[in-house]
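As C-alpha cells, the structure follows; a few thoughts come after it.
Throughout, read-outs are computed from the coordinates displayed, never taken from laboratory work. Because the structure is predicted, anything quoted here is derived from the model rather than measured. Note: ideal-geometry Cβ built from the backbone for every residue, glycine included; neighbour counts use all protein chains shown.
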C-alpha cells in the first residue's frame, strides 16, 4: 500500500471509527447509565444504553470498512449512511426507547450529553470524509488533466 | 487564478504546512476553550448562588441532627431525602427570644418504586406561616396550591393541568416555576395540610411518618440581633431534647460563595495561563520562522515587496491561525460545557443557573476577540523586524 493511499484510508476511517468506539464505551463504561437496583427491573436508560452500545460497535465497523474500501464513491456512500445511522441513534434516547424521567438522574446528566457529543462527532467526521474525499478526487482529476494537457500543447506548437 | 494578495499569500503559506498550522491553531484553541468554558461555568454558578441567596430568606435553618448535609443537598441539587423533627418544636421556636418568625417545612422523598419512576423531593409548606417558599412562588405569579394540587419545579416532568402521581395518589399540576438553578427545580411543592393528608392515606407504607412531625424549621431573627447568638441559644436550649442541628444560612451561602470564588479563580488562572502559553508559542514560532524564511522574504523584497507587505503576510498568517483556533476552541467549549454543566456542578456540589443566550453571545465574542488578538500581538515583534536587513545580503545569507 502506498504511503498516500494509507494516509487517505486512515483519514477516511478514523473520523468515524474513533467516535464510534467512544459511543460504544459511553453507556456502560465512561458515563454509565443509572444503576439497576438489586432485584429490580432495568430502567429505560439501561435498554437505551444497550442499543447505543450496539450502534457504537456498528459505527466502529463502518470505520474499519472505510479503511479497507477502495473506491471513493463507496466510502462516500458509507459515510452518508453513517450520518443517517447517527440520526437514528440520536432518536433512541429521545423518542424510540427513552431515558429516566427525572432530569437529575445519571443517565440524563452524564450519559445523554456524552452520547449526543459522540453522535455529533460521528456526523461531523462523516461529513468531513465526504468533503475531504471529494476535494482529493477533484485535485487529482485536475492534476491528471493538467498532465495530459502538456503533450497536447507541445503538439500544437 | 486568484490574485496574489497579501491575504492569499498568507493563506497559501499556512496551507503549505498543514501540520504546523494545525499545531498553532490548537494552541490558540486550548486557550479559547479554557477562557470561554471557564467563564461559562463560573458565571453560571455565580447566577445559581445569587438566585439561591435571593430565595433563601431565612436566617437560621433547624434540621434533625446529622441531616444538615442532606438538607443542603435537597436545597442545592434537589437530592430527595426524608427526615423528621418533633412538631411541637415549631411553637417553642416561634416564641423563642430573638426569633421573629418560624416556618415549618416537610421534606418527603417519593419512592423509586417501579420501572422508570424516579424519586422527587416533595416540599410541603404552611402557607400561613411560611415566609421562604411562598414569596417567590407568588413572585412567579403562582397561586398557593389547593387541596389536590401541587406546584412543580422547572425540571419536573408533566404539563400544567395534567396529573402527577405521588405515593400512589394523583395530584393536579397547578403551575410550573421558573428555573432557579437550585434543588427547587426538581422539587414538588404542596401545602402542609395536603402532605399530612397524603401521608395518612398513602397507599404504600414505605414512608414512616409520625403525626405532627416536620422536617425543618426556617427562622427569621429579629432585626438588630446577632444571628449566631440566637442560634447558639436555641442549641443550648433544645439540642439535646430535640436532637437538632442548626444551619446558619449566611454561613451556608458564604461557604458556597467561597467554593465559587475558588472555581472562578481557577478558571481565570487557567484561562490566563493558556492565553500566555498560546502567545508564547506563537511568539517563539514566528520568531524562529523569521530566520527560517529569511531568504523567502529577501526574495519578496527583491521582487519589489515593501516591508509593510511582508509584515502584512506575517500578521495575516497569525490572524488566520488565531481566528481559526479561537472559533474552534469556543465551539468546543460550547459543545462540551453546555451539555455537561449539570454533571460538572453536581460533582462540585454547586447550584447552577445558565446565563442567558445574549450574555453568552457577548461573552463568546469577548473570548473570540482576545483569542484572535493573541496571534497578531505575539508576532508584532517579528513583523516589525522583518525586512530590516539589506535585501541582497538577506537573500545570500547562509550560502
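List of remarks:
- Between the alpha-carbon centres of segment B:209-229 and segment B:1-35 there is a gap of 63 Å.
- Nearest-ten-degree value, helix B:192-201 long axis tilted from longest Cα axis of chain B: 70 degrees
- Gain in span if fully extended, residue B:148 to residue B:365, counting 0.36 nm per residue against the direct Cα distance: 73.2 nm
- Comparing B:150, B:362, B:230 in a Gaussian network model of chain B where C-alpha atoms under 10 Å apart are linked, the largest mean-square fluctuation is found at B:362.
- Residue B:229 versus residue B:8: modelled label distance in nm, points set 7 Å from Cα along the beta carbon direction: 8.2 nm
- Inter-site label distance for residue B:210 and residue A:101 at 7 Å from Cα along Cβ, in nm: 3.2 nm
- Cα-based shape type of segment A:43-97, given that a ≥ b ≥ c are square roots of the gyration tensor eigenvalues and the cut on a/c is 1.5: oblate
- Entry note, segment A:3-156: relative contact order of 32 percent, from Cα contacts under 8 Å with a spacing of 6+ residues.
- Residues residue A:51 and residue B:237, FRET efficiency given R0 of 45 Å [Cβ-Cβ distance, rounded to 0.05]: 0.15
- Helix B:18-55 and the longest principal axis of the Cα set of chain B meet at an angle near 20°.
- Helical contribution to [θ] at 222 nm, DSSP H n ≥ 4, -39,500 (n - 2.57), averaged over the protein assembly as shown, rounded to 500: -21000 deg cm²/dmol
- Take the Cβ atoms of residue B:381 and residue B:222, set R0 to 51 Å, and the FRET efficiency comes out at 0.20.
- A Förster radius of 56 Å, combined with the Cβ-Cβ distance separating residue B:17 from residue B:159, puts the computed FRET efficiency at roughly 0.45.
- Mean per-residue shielding of peptide A:107-115 is 4, counting Cβ atoms of other chains within 10 Å of each Cβ.
- Angle of helix B:6-16 to the longest C-alpha principal axis of chain B, folded into 0 to 90 degrees and rounded to 10: 80°.
- Chain B: most fluctuating residue of B:365, B:102, B:279 per GNM, C-alpha cutoff 10 Å: B:365
- Shielding by partners for peptide B:338-345, expressed as the average number of C-beta atoms from other protein chains within 10 Å of each residue's C-beta, is 4.
- Cα centroid separation, segment B:338-389 to segment A:67-117 (Å): 29 Å
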